[in-house]
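**Q** Sharing a structure with you now.
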Amino acid sequence: MPLKLIIHGAAGRMGREVVNAAASSPDFQIVGAVTRPGSPSLGLDAGVIAGVGPLGVPITDDLEAALKAGDVALDFSNPTAAVELATRAAAVGLPHVIGTTGLSPEQLGAIREGAARSPVLIAANLSPGINLLARILPEVARALGDEYDVELIEAHHRHKKDAPSGTAILLGDAVASALGRSLTEVERHGRHGISPRQPGEIGVHAIRGGGIAGEHTVLFIGEGEQVELSHQAFSRRTFALGALRAARFIAQQPPGLYTMQDVLK
Ligand code: NAD
């Protein structure tokens with residue numbers, strides 16, 4: 001039986017990509033496509049705006065009704081809306097995946113609280129490749145040690161709202177904790193004027209422009225060499241396919257908090 005899927009933020013860039021990927025997968029049946037109240041997309045067919053033809057699923061702003069019809073929900077909206085989805089999904093024990101980034105510690109806390117009642121997977125980046133990178137980075141960081149300076153560069157399309165990207169934070173955290181540091185204490189965003197590098201700092205640099213789907217590079221720079229680990233997403237398709245993989249996984253789990261590392265295991 002295909003999983004009944006609800007997409008929250010269905011009219012957005014990622015939402016449409018997920019509709020597109022799910023429509024061609026035998027594992028899913030899209031039963032709900034939710035957007036914000038007042039959106040010009042209300043009432044339109046989710047498949048039509050995603051470019052796959054009519055699916056018989058009109059875009060709605062009635063989140064509560066949509067949640068009743070599904071087995072699993074996928075969120076790509078904004079931080080306030082993501083917390084609303086997570087709260088309502090937790091109240092009815094519905095498995096959900098939160099792909100929205102830029103969540104404050106309070107918003108993350110609210111989503112984590114719901115994990116006591118429903119399975120929830122939070123992933124700032126749903127691509128398998130990035131999550132593999134996050135897994136191997138601590139080993140690289142520990143092997144090279146404090147002698148190597150760490151700089152992180154990320155690049156995204158001109159419409160991205162948050163900076164640095166949630167993925168840059170994920171990767172920076174992986175390196176910082178492997179080196180016994182706290183990213184929030186050692187991160188350095190850009191440099192300007194007289195600002196020499198301080199021992200232990202991790203530089204984080206955000207590039208924004210055009211249609212870049214997502215690029216992340218972690219540099220380990222020693223006195224005589226540089227190690228560079230890079231990941232490039234060709235399009236949003238990789239996040240959509242990863243999101244569906246995460247949805248398949250979370251639908252089978254007991255209540256609790258999960259990440260993409262659990263999916264890759
Ligand atoms: P977008 O602005 O194109 O789409 C967001 C959609 O959410 C819009 O259509 C908006 O109308 C809708 N929305 C706003 N309020 C809502 C509400 N109350 N209920 C339902 N829908 C609502 O943005 P996007 O590029 O699709 O990105 C969405 C989020 O996903 C961002 O936080 C982005 O950083 C994140 N993202 C995550 C990954 C990942 O792998 N985790 C990948 C890409 C993007």
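**Q** Given the condition farther than 21 Å from LEU126 by Cβ, surrounded by fewer than 22 Cβ atoms within 10 Å (Cβ to Cβ) and among the hydrophobic types (A, V, I, L, M, F, W, C), answer yes or no: does some residue in the range 81-104 qualify?
**A** yes
**Q** Moving on to the next point. Which condition does VAL19 not pass, out of (1) of a type in the set (Val, Ile, Thr); (2) near the ligand (Cβ under 9 Å from one of its atoms); (3) under 17 Å from the mean Cα position of the chain (by Cα), if it passes all the others?
**A** All conditions pass for VAL19, except number (2).
Per-residue answers, yes or no, for (1) under 24 Å from THR101 (Cα atoms); (2) of a type outside the set (Ser, Thr, Tyr); (3) surrounded by 12 or more Cβ atoms within 10 Å (Cβ to Cβ):
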{"residue": "SER182", "(1), (2), (3)": "yes, no, no"}
{"residue": "PRO196", "(1), (2), (3)": "no, yes, no"}
{"residue": "GLY203", "(1), (2), (3)": "yes, yes, yes"}
{"residue": "HIS231", "(1), (2), (3)": "yes, yes, yes"}
{"residue": "PHE249", "(1), (2), (3)": "yes, yes, yes"}
{"residue": "MET260", "(1), (2), (3)": "yes, yes, yes"}
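**Q** Let me ask you something else. What tally of residues in the range 209-220 results from selecting those that are surrounded by 15 or more Cβ atoms within 10 Å (Cβ to Cβ) and on the phi < 0 side of the Ramachandran plot?
**A** Number of matching residues: 8.
**Q** Here's a follow-up. With the range 186-245 as the region, which strands (runs of 3 or more DSSP E) entirely inside it contain at least 1 residues that are within 20 Å of ASN131 (Cβ to Cβ)?
**A** Where strands (runs of 3 or more DSSP E) fall fully within the range 186-245 and carry at least 1 residues being within 20 Å of ASN131 (Cβ to Cβ), they are 202-208, 215-221, 226-232.
**Q** Another question, then. Cβ-Cβ below 8 Å, separation at least six or inter-chain, first residue in the range 71-83 and of a type in the set (A, V, I, L, M), second in a strand (DSSP E or B) and near the ligand (Cβ under 6 Å from one of its atoms): which pairs?
**A** As it stands, the answer is ALA73/HIS8; LEU74/HIS8; ALA81/HIS8; ALA82/HIS8, since those pairs meet every condition given.
**Q** Limited to the range 137-146, what total is found for residues that are in contact (Cβ under 8 Å) with a residue 40 or more places away in the chain and either more than 17 Å from GLU187 (Cα to Cα) or not assigned by TED's automatic domain parsing to the domain that holds GLY180 (or both)?
**A** Residues in the range 137-146 being in contact (Cβ under 8 Å) with a residue 40 or more places away in the chain and either more than 17 Å from GLU187 (Cα to Cα) or not assigned by TED's automatic domain parsing to the domain that holds GLY180 (or both): 2 in total.
**Q** Hey, another quick one. Being part of a helix (DSSP H, G or I), among the hydrophobic types (A, V, I, L, M, F, W, C) and away from the ligand (no atom under 16 Å from the Cβ) is the filter here; which residues of the range 113-143 pass it?
**A** Listed by number, the residues that qualify are ILE136, LEU137, VAL140, ALA141, ALA143.
**Q** What's the number of the condition ARG142 fails, among (1) closer than 16 Å to ARG236 by Cβ; (2) over 16 Å from the mean Cα position of the chain (by Cα)?
**A** So ARG142 meets the others, but not (1).
**Q** Within the range 84-96, which residues are away from the ligand (no atom under 11 Å from the Cβ) and not in a loop (DSSP other than H, G, I, E, B)?
**A** ALA86, THR87, ALA89, ALA90, ALA91, HIS96
The values are calculated or read from the model by the stated rules, or taken from the named source; none is laboratory data. Everything quoted here is computed from the prediction, not taken from an experiment. Cβ coordinates were reconstructed from backbone atoms using ideal geometry, including for glycine residues, and neighbour counts include every protein chain displayed.
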